[in-house]
Structures are given as C-alpha cells and as structure tokens.
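The values are calculated or read from the model by the stated rules, or taken from the named source; none is laboratory data. These numbers come from a predicted model, not from an experiment. Using ideal geometry, Cβ is built from the backbone for each residue, glycine included, and neighbour counts are taken over all protein chains shown.
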Number of protein chains: 2
Amino acid sequence: MTFEILHTSKISKARVGKIITSHGVIETPNFVAVGTNGTIKALDSQMVTNMGLQLLFCNTYHLLLQPGVAVVEKAGGLHGFMKRSLPIITDSGGFQVFSLAFGSVAEELKSAGKKKSEGMVLKIDEEGVLFRSYRDGSKIFLTPESSVEAQKKLGADIIIPLDELPPYHASLENLRDSFARTHRWEERSFRAHQKEPKGQQIWGVIHGGVEKDLRKKSCEILTALAFDGYAVGGSVGKSKEEMVQMLSFTLPHLPKEKPRHLLGIGDLVSVQKIVPLGIDTFDSSYPTKAARHGLLLTKMGSLKILKKENESSLQPIDPTCHCWTCQHYHRSYLHHLFKAKELVAFTLATIHNLHYMVELMQEMRQKILWDQI
Amino acid sequence: MTFEILHTSKISKARVGKIITSHGVIETPNFVAVGTNGTIKALDSQMVTNMGLQLLFCNTYHLLLQPGVAVVEKAGGLHGFMKRSLPIITDSGGFQVFSLAFGSVAEELKSAGKKKSEGMVLKIDEEGVLFRSYRDGSKIFLTPESSVEAQKKLGADIIIPLDELPPYHASLENLRDSFARTHRWEERSFRAHQKEPKGQQIWGVIHGGVEKDLRKKSCEILTALAFDGYAVGGSVGKSKEEMVQMLSFTLPHLPKEKPRHLLGIGDLVSVQKIVPLGIDTFDSSYPTKAARHGLLLTKMGSLKILKKENESSLQPIDPTCHCWTCQHYHRSYLHHLFKAKELVAFTLATIHNLHYMVELMQEMRQKILWDQI
C-alpha cells in the first residue's frame, strides 16, 4: 500500500491522499521542490525539512556527473549524503541528456531544429544513450538498467524509468520510433527495478505529446505493468489550454488508485488548473528560480522586490506569512540585499517562496476536503 | 563607563575585558566579523546572532551608495534595518574612498604608484573628499562632519572618525601633510560627535605607518581628546614582524583603560601575535572570505574542502566542533556543494569559520584569565 485516497472532490477530479514511502508520508496534492545537485539552491537540508516541504526532486544526470553515484552511495544514499530525512524522488537522467543534445523546446523553436551542442550525445540506440560528461569529458553510457541502478544507489524513494525525449522538430516517423523505444526502455526499467525493489517505488512516465492516440496507447502499455504511480512527461503542449486538454484526456486512462505526477510544471496558474484534473504531485523549479530573481509569491500576487517602491517599505513581504523571512525582515532590507547582490537575498527569498508553496498546497488540500476545488 | 578590564595577564600585555554599548556587551579580546553591506555574506542576521558573534563591522562607504543612509535611518538605523540586536561598529567611509582612488597597497606596489581608477576621487582638500558613486555616477562629498552624521544615522554603537589613507608611494612631504590633515579631520569628527553623542562611542584612529615618531605623535594628539577607544589604522608594515614592532611601540602610548582595536587584521597567525600585545578587538574579512574559497579553519589547521581526499570523507570538518555545519554535514557533502558551486556551500562554510573564531576567542580569553597568554 503506497497510496491512499482520503477524499475525492464532489466538484472536480481533485483528490486528497497520501503517498507512503520509506522516508515518510507525502500529503497530496503537493508541490515537489527541485534540488538538482542534492540541495535546494541557497538552502540547507535542515531548513528545508523544518519548513515542511515533504518531497524533493533530485536530478540523476547532475549527480552522475558530480559527485558520482559511488560517492553518494558510500554516504548511505542521498538521504545520508545530504542529511535529509524526508522522501526524495529522482529522475532517470534521460531528460537532461536529451535536453542538452537537442536544446530546450524554446531553443529548438528558435533554431528551427539545429542541434545546439551536438557533441554531448555520442550515440542513441536500442541499448541506451552514450554521452560525454561536460565536467571531465568522460563517456557515460546510460541504459534503462544503469539508470535504475544509479537511482537505487542514490536511495530515491521514487524512481523514474529511463525515457527518450525526442527533438521537438522530429519527423512523425522518428517520433513514432522514439515513442516505441521509450516504452521498451520503461518496461526494461520496470523489470530491472522489480528484481530488487528495496522499498523504493517506480513511477512510469506517460508519453505521447499532444497526440491523443499516443497518450492513450502510452497509458495502455504502462498500466499493463504494475508501476507504483504514473508521471505525465513529454511535451504538454504550447499553451495552458493544450496542457489542460491533454491532461483531461490522459488522466482518465490511468488507474485512480495510483498517484499521478506532472513532470516539470509548477507555475501558479498551472497549479490551479492541474489539481482539479486529478494531478497529485508536480515538480517545478519555478518558485525557487523566481525567488532568486527577486519575484516573491504572495496571496496578493507576485511581488518584485527590486521595484523602487520596496526601497523604504518596512512591511514584510506578506504580513500574513509565517515564514522565517517574513517573521524577521522587511521589504526595505530585502530590496537592499538584492540590489547589493548579497547571497543571503537568495536564501531569504527562497525560504519565503517555498513556504508559500507549502501553505498553498495545505490550503488546496483543505479546499478539496470541503469540495471547494 | 564603556570599558572594563577584568584581568591583565601576568605573562603578556593581553587583557580580558568588556566593552559596554547600547546594544550589549562585547567580551574582549574579540574578533569582529565584517558585514560590508549590512550582512555577513551568505548568512542572515539571526544566524549570526545565534552563533554568539558579538560585534559586526559594517562599511559606511558601501551603505552610503546602497541603499543610502536615509533608507537605513528610516528603518531605525542598521539594527532595525538588518534586524540585528547586538552591537555594530561602522567605519568612516574614508578608507574605501581612498583605496578605490589609489588601489590597494599590493596593487600600488605592482603599478609603481600609478593610480588605478583616477576618476573616482574628484577632489581632496581641507574640507573633505569629493568622489563619484560607482553605482549611479552621483557626486558625494564626504567630510568629517558628514561621515559622523552618516554613522549617527546608521545607528552604529561605535563610530570611526574620517581619516585619509595616503597613497603608498606618496613622498615624505605628502605623507606629513596627509598625517597632519588626518588628525585635523579626526578632531573635527570628534567635535561633531560630541555635540550629540546619542549613546554611541567614537574611537580615534592612530596613524603614522611604521614611523615611530609619527605613531607616537598620533597617540599624543588623539589621546588629548576623550575618544572612547582607539583603533590602530594606516599601514602596519610589510611583514608580521614589522606589525609586531609597530604595535609593541605604539600601544604603550595609549591609555590602558580604553579599548584598542586593530583595523583590518584577523588572519590566525596575526591573532596569536596581536592579543598578547594588548589588542582588544580586531576586524577582518579573512574567516568569511576563506570560507567562500573553501578554506575551513580547524584546531588541526586549515582544511581545503575542495581537495580530492575530502570527496568521500564522512567526517565532519572538525569532529570536535559544535557548529551547525559540523553537527549536520560531512566533508563529502560539503566537497560536493563546493564542486557543484552551490550557494549553500558558502553559507555552511561561513557558519563554520565564524563559529571557529567565536570559540577561538573564548579560549583565548580563558587562557588570559589563567595567565597562559
């Protein structure tokens, strides 16, 4: 029993539940913060734990290259390495390898398909993907099996199978090839995991972009395997409307009794849209990145701390907020710290934005329990 | 009564005492951390307070330019602005203005006296120094009176009078002119302060470089005024031996019953040398700068955390250390955070090094009480 639904809303498909892992419970729906290199940028692990953030997303690709899986394993996995007692989810490493090879979607659109850093990915074939470390130039061969093995050594509570991110401008034929291979890779990942589950979960990644037939097929293939949960990956479309359409179509093809994650989405507008569709968790670097740019989230909307109007304001970011930053500092000081490019500005802003997300999700769970969402 | 000597060593001139300010007591001898822009880099004010660091040094020059004195004053001075409850000392701003004009001593030696950024200081005359803000190009006229006024508005517990930093390659004639003017400026600063002391202290700055007759004369001039303490400024020589010689000569010319500060020195070798000479406080960015370069201070010597040997070490920086960093994290993780250039590396390393200084000074005070220093 790794997921329990406590309540499903009477007015939407939103549900309140809890995911049970070896490192404790994740109340859902919930925001998952991104700690790429085994830390949330500008915060230490204890601060993150104290703030009630229940699930952290770390990137296997980055950890493979620095410090390497062996170092983390020796420290007892990511929990022992970064001294985190709460749950951790890792990705497969595939997304970053392919992103680096093909560039992001936005870059792709600009460059009309020209590859940005062709040298990084040396070979993609049925077995896996061979790429070069940008850190030391060494060659790394990532296969479904090696990715799962790495995530097992990292000690993730939730593992993501290796998938392929096709270039945005790929031909339909290439897309269908990639789609088929991705599902073969996911099945191999699942089988590799099943050999020694070690109390870890593995969540399948639904692909198919904005093509309904492909999304449906992806659900069929992956729900035939006993994944512990499902993540929606790949392209979610060019607009929020496309995303909502795709999710509205896709989610009913997934078993209700398993948690559903949305990969890489977490801006505030999207959060309001995806939770009523039945998304249980979603990871995003938006709140932490926004914080480092001085964009602070509040119930009254976003606050740009660098604006002149904050220069002399002795109000906290949000007078109703209970975070460390709002309890101790006013906008005037934070404005100054950002202007003076002081590192602690990033720390204080990140604390605030993450606290905002924790409280937002608490409120959303409460509203679902009251059938208001 | 702003200074009390509790014990003077039987084997040296070291003494244990306490400086009493409006924001509490500073036990001496003590290290003074540098928080240039109104924060110690990578730490927030509450962390600094919790770590027992009793006196913080802020730079008036930087605060004049960003956020400006009016903003800080509106927040209730630096204490209200940065939410620090413990004592703060500020400098006059003069040192940075002249450093920027003439470059550092090291740069001077290399460039054989050629000025580095001539445009910054527009005019120096008897009245004061006119310089241009590197932030917005505005002209700022710093006089003894305006510097004291700024420091009063900043709410510093200890004020430093405006002095002139002569270029290292100045002719003897220019040096003597500068020396005379510096003392006229200090007297004007003192008079300006005396008009409205506001519970703040002002410490005179002894000049004269490594010239004994000038140091003696400086002591004579400044001890004729009722400064609350004395700081040794200007060039302290090219080596630690020259520094020790200069201090051994100079300090006996200062009244025993007033605190003695050494400006800008705080490396570990110097600390062991200056305390037995009777220095009560000294400010230095060495421990915090070293931290940001991954140089960690321990009782067994300095540790370079980026060294390969720390990659897999599950030991804390120092097993006997009680700081937050050593209580929670091992070298392997810290090594990784530095390698991955994660901001929290600076935070954790700074916490450790400042804690080291706090404990070192506690131990030194104890040893003086036992007549072991």
Filter the range B:157-184 for residues that are within 17 Å of B:G234 (Cα to Cα), hydrophobic (A, V, I, L, M, F, W, C) and touching a Gly at 6+ places or on another chain (Cβ under 8 Å) and give the result.
B:L162, B:L165, B:L175, B:F179
When residues of the range B:156-179 are limited to those that are modelled with pLDDT of 90 or more and within 17 Å of the chain's Cα centre (by Cα), the one farthest from B:I124 (Cα to Cα):
B:D157
Does the range B:308-327 include one or more residues that are within 14 Å of another protein chain (Cβ to nearest Cβ), surrounded by 15 or more Cβ atoms within 10 Å (Cβ to Cβ), in a helix (DSSP H, G or I) and of a type in the set (K, R)?
no
Residue within the range A:313-333 that is in contact (Cβ under 8 Å) with a residue 24 or more places away in the chain and touching a Gly at 6+ places or on another chain (Cβ under 8 Å) present:
no
Among the residues of the range B:18-55, which ones are within 24 Å of B:T143 (Cα to Cα) and crowded, with 24+ Cβ neighbours inside 10 Å?
B:G35, B:G38
Determine which member of the set A:F81, A:F95, A:F31 is in a helix (DSSP H, G or I) and touching a helix residue (DSSP H, G or I) at 6+ places or on another chain (Cβ under 6 Å).
A:F81
Single match in B:V25, B:V72, B:V16, B:V48 (criterion: more than 30 Å from B:V129 (Cβ to Cβ), in a helix (DSSP H, G or I), at pLDDT 95 or above and among the aliphatic types (A, V, I, L, M))
B:V48
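In the range B:238-252, what count of residues is obtained for those that are crowded, with 17+ Cβ neighbours inside 10 Å and either in contact with a Lys or Arg (Cβ under 6 Å, 6 or more places away or on another chain) or touching a residue at least 40 places away in the same chain (Cβ under 8 Å) (or both)? Step through it out loud before you land on a result.
Keep residues of the range B:238-252 that are crowded, with 17+ Cβ neighbours inside 10 Å, which gives B:243-244, B:246-247, B:250-251.
When the remaining residues are screened for being either in contact with a Lys or Arg (Cβ under 6 Å, 6 or more places away or on another chain) or touching a residue at least 40 places away in the same chain (Cβ under 8 Å) (or both), the result is B:244, B:250-251.
Adding up the residues that qualify gives 3.
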Of (1) crowded, with 24+ Cβ neighbours inside 10 Å; (2) closer than 17 Å to B:I160 by Cα; (3) not β-branched (V, I, T), B:L64 fails just (1)
Failed condition for A:G234, given (1) crowded, with 17+ Cβ neighbours inside 10 Å; (2) assigned to a helix (DSSP H, G or I); (3) of a type in the set (G, A, S), with all others met?
(2)
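Of everything in the range B:23-59 that's among the β-branched types (V, I, T) and within 14 Å of chain A (Cβ to nearest Cβ), which residue is nearest to B:K13 (Cα to Cα)? Give the steps one after another, and end with the answer.
Our first condition is that a residue be among the β-branched types (V, I, T); within the range B:23-59, this holds for B:25-26, B:28, B:32, B:34, B:36, B:39-40, B:48-49.
Next, from what is left, pick out any that are within 14 Å of chain A (Cβ to nearest Cβ): B:34, B:36, B:39-40, B:48-49.
Values: B:V34: 26, B:T36: 31, B:T39: 33, B:I40: 31, B:V48: 30, B:T49: 30 Å.
The residue in question is B:V34.
I'd like to verify a number: residues in the range B:280-307 that are at positive phi and within 12 Å of chain A (Cβ to nearest Cβ), how many? Walk me through how you get there before you give the answer.
So in the range B:280-307, the residues at positive phi come out as B:294, B:301.
After this cut, where a residue has to be within 12 Å of chain A (Cβ to nearest Cβ) as well, the list is none.
Residues that pass the stated criteria total 0.
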If I go through the range A:67-97 residue by residue, how many of them are over 23 Å from A:A42 (Cβ atoms) and either of a type in the set (V, I, T) or buried (at least 24 other Cβ atoms within 10 Å of the Cβ) (or both)?
5
Among residues of the range B:173-206, those that are assigned to a helix (DSSP H, G or I) and within 20 Å of B:F95 (Cα to Cα), counted:
19
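Confirm whether B:L296 is more than 19 Å from the chain's Cα centre (by Cα), over 25 Å from B:Q362 (Cα atoms) and buried (at least 18 other Cβ atoms within 10 Å of the Cβ). Write out each step before concluding.
Values: more than 19 Å from the chain's Cα centre (by Cα): yes; over 25 Å from B:Q362 (Cα atoms): no; buried (at least 18 other Cβ atoms within 10 Å of the Cβ): yes.
The answer is no for B:L296.
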Would you mention how many residues in the range A:264-284 are surrounded by fewer than 22 Cβ atoms within 10 Å (Cβ to Cβ), assigned to a loop (DSSP other than H, G, I, E, B) and among the hydrophobic types (A, V, I, L, M, F, W, C)?
1
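Among the residues of the range B:335-350, are any farther than 30 Å from A:A70 by Cα and either in contact with a Phe, Trp or Tyr (Cβ under 9 Å, 6 or more places away or on another chain) or not in a helix (DSSP H, G or I) (or both)? Can you show your working first?
Taking the range B:335-350 as the starting set, the residues that turn out to be farther than 30 Å from A:A70 by Cα are none.
The answer is no; no qualifying residue exists.
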In the range B:328-362, residues that are more than 18 Å from B:S302 (Cα to Cα) and more than 10 Å from chain A (Cβ to nearest Cβ) total 1
Inspect all residues belonging to the range B:210-223 and state whether any of them is hydrophobic (A, V, I, L, M, F, W, C), within 27 Å of B:T36 (Cα to Cα), in contact with a His (Cβ under 8 Å, 6 or more places away or on another chain) and modelled with pLDDT of 95 or more.
yes
Assuming B:H169 fulfils every condition listed in (1) part of a loop (DSSP other than H, G, I, E, B); (2) within 19 Å of B:A231 (Cβ to Cβ); (3) touching a residue at least 24 places away in the same chain (Cβ under 8 Å) apart from one, which condition is it?
(2)
Restricting attention to the range A:207-215, does a residue exist that is touching a Pro at 6+ places or on another chain (Cβ under 9 Å), of a type in the set (D, E, K, R) and either in a helix (DSSP H, G or I) or surrounded by 14 or more Cβ atoms within 10 Å (Cβ to Cβ) (or both)?
no
